[in-house]
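Worksheet: the structure to be examined is printed underneath.
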Amino acid sequence: MERQRASVSMAAVCPGEGRGELRVLPSQGEVVWASGALMFSACPLVSPLLHIWIASLPDDRLRLMAPLSIEITRDQSGFIAECKKLDEFGYGSEVIDSVEDLRETICELFWELQDGRDLAPGLVSLSRTIHDLVRTA
């Protein structure tokens, strides 16, 4: 796992599904979280932003062509997972919930833009982008 400054880590992506588990490592002052879908660590007291990568989607018919960069932020009601490449968001009371919501949103967007016909000009560009990033299995 490659480290970045400001105690934000890049994610190590793992295949599979399932809910994650949080562990606090007091000697190192960091929180480590892992699930079957992804894994990351960060010092939340230093930085409110996490940068992770996702490499799978919950729809078995779809495959990501490359890991997608996701930024996690926190607001008053929970966590927000944002994929800037697609200008899409996921929300949840826990980090994993926001990431899972975003992964589902990406699947829905792919299927909605599948045929590419009768799209407004802004959606044509988005359709090209998502079809470059996501393919059918």
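The values are calculated or read from the model by the stated rules, or taken from the named source; none is laboratory data. Because the structure is predicted, anything quoted here is derived from the model rather than measured. Don't worry about glycine lacking a Cβ; one is built from the backbone with ideal geometry, like all the others, and counts go over all protein chains shown.
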| message | I need the full set of residues from the range 54-84 which are surrounded by fewer than 15 Cβ atoms within 10 Å (Cβ to Cβ), closer than 21 Å to SER125 by Cα and either hydroxyl-bearing (Ser, Thr, Tyr) or without any contact (Cβ under 8 Å) to a residue 60 or more places away in the chain (or both), in order please. | response | LYS84
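Can you tell me which residue in the range 96-122 is surrounded by the fewest Cβ atoms within 10 Å (Cβ to Cβ), limited to those that are modelled with pLDDT under 90 and part of a helix (DSSP H, G or I)?
Restricting attention to the range 96-122, the residues satisfying the condition of being modelled with pLDDT under 90 are 114-122.
From the residues that got through so far, the ones that are part of a helix (DSSP H, G or I) too are 121-122.
Values: PRO121: 6, GLY122: 9.
Across the range 96-122, the extreme among qualifying residues is PRO121.
Of all residues in the range 123-137, count the ones that are of a type in the set (D, E, K, R) and surrounded by 17 or more Cβ atoms within 10 Å (Cβ to Cβ). Outline the logic, then answer.
Keep residues of the range 123-137 that are of a type in the set (D, E, K, R), which gives 128, 132, 135.
Checking the rest, the ones that are also surrounded by 17 or more Cβ atoms within 10 Å (Cβ to Cβ) come to none.
Selection size over the range 123-137: 0.
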| Only one of (1) in a helix (DSSP H, G or I); (2) within 12 Å of the chain's Cα centre (by Cα) fails for SER127. Which number is that? | (2)
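Being touching a Ser or Thr at 6+ places or on another chain (Cβ under 8 Å) and among the hydrophobic types (A, V, I, L, M, F, W, C) is true for just one of LEU68, LEU57, LEU64. Which residue is that? Break it down stepwise before answering.
Numbers: LEU68 fails: touching a Ser or Thr at 6+ places or on another chain (Cβ under 8 Å); LEU57 fails: touching a Ser or Thr at 6+ places or on another chain (Cβ under 8 Å).
Just a single option satisfies the conditions, and that option is LEU64.
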| said: Restricting to the range 85-95, count the residues that are touching a residue at least 40 places away in the same chain (Cβ under 8 Å) and not in a loop (DSSP other than H, G, I, E, B). | reply: 1
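Just wondering, is there one or more residues in the range 21-30 that are among the small types (Gly, Ala, Ser), over 26 Å from HIS131 (Cα atoms) and modelled with pLDDT under 50? Before you say what the answer is, go through the steps one by one.
The initial filter retains those residues of the range 21-30 that are among the small types (Gly, Ala, Ser), namely 27, 29.
Then keep just the ones that are over 26 Å from HIS131 (Cα atoms); that gives 27, 29.
Still in the running and modelled with pLDDT under 50: 27, 29.
Scanning the range 21-30 turns up at least one residue that is among the small types (Gly, Ala, Ser), over 26 Å from HIS131 (Cα atoms) and modelled with pLDDT under 50.
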| Single unsatisfied condition, HIS51 versus (1) closer than 24 Å to LEU126 by Cα; (2) modelled with pLDDT of 90 or more; (3) not in a helix (DSSP H, G or I) | (2)
